[in-house]
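Step one of this worksheet: look at the structure below.
The values are calculated or read from the model by the stated rules, or taken from the named source; none is laboratory data. Remember, it's a predicted structure, so these values are computed and weren't measured experimentally. Backbone-built Cβ (ideal geometry, glycine too); neighbour counts: all protein chains shown. Just the protein is used for accessible areas: all its heavy atoms, side chains included, with ligands, DNA and RNA removed. Shrake-Rupley method; radii C 1.70, N 1.55, O 1.52, S 1.80 Å.
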Amino acid sequence: MAVSRTLPPPTPAQRLPPAEKVIMGIDPGTQIMGYAVIEVRGQRIDVLQYDVINLKALGSNHAVKLKRIFTRMLELIDEFLPDELAIEAPFYGVNVQSMLKLGRAQGVAIAACLSRDIPFVEYAPTKVKQAVTGSGSADKEQVARMLRQTLTLPPIEEAPKFLDATDALAVALCHHYQQGNNAKAGSKSWGKFLEDNPGRTLAATTARKPVGSRAK
């Protein structure tokens, strides 16, 4: 005898549209490098992770720091499978040596993404600030405050550390606002590459766990 059963309604998570794009944002640095990963689903933006790569403990050996940036970037790429990278252009200050080191750090982060065939876009700091706050002269605190109003984020308990992370988040959000129309590299994402070449990597990816989201 057949027994009919009414299934429970789908949960909000089950009703989510499929992910359209995963964007990684990078705020380059030679002491602290901020990074953030967002996932776009229709009008919804989920913040998968935002944090920093702390390079201070590595001392003054710049080559060791560059190696750490490259290694950590590959770890993040294999974990979150971003479709595109958005990275902030170095700020042209007075100290030429600092600019050279910052440019190398940015280049290593880009090289890590290109090694996975991930397209990248570079944004000027003023462009990022303008996109997120409406003012190209906004400071880090203003950017962080606007992001807390736009997205659901955990409390920022260590402002000096996490302001670099929120800067990276602002870069990723700026890229989303631009609709990714300026991507420079190939269109094939690392996630797509893994699907097409399952035997080419031993890296184990983990489930994406949003730390906050808000419908826009």
| field | Accessible area (Å², per residue) of region 48-96, counting only protein heavy atoms and a probe of 1.4 Å | value | 50 Å²
| Label point distance in nm, Ala124-Asn95, each placed 7 Å from Cα along Cα→Cβ | 2.4 nm
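Kindly sort Glu20, Glu88 by accessible area of their heavy atoms, largest first, with the probe set to 1.4 Å. If you can, show how the numbers build up before the last one.
Working: Glu20 120, Glu88 30 Å².
Final ranking, largest accessible area leading: Glu20, Glu88.
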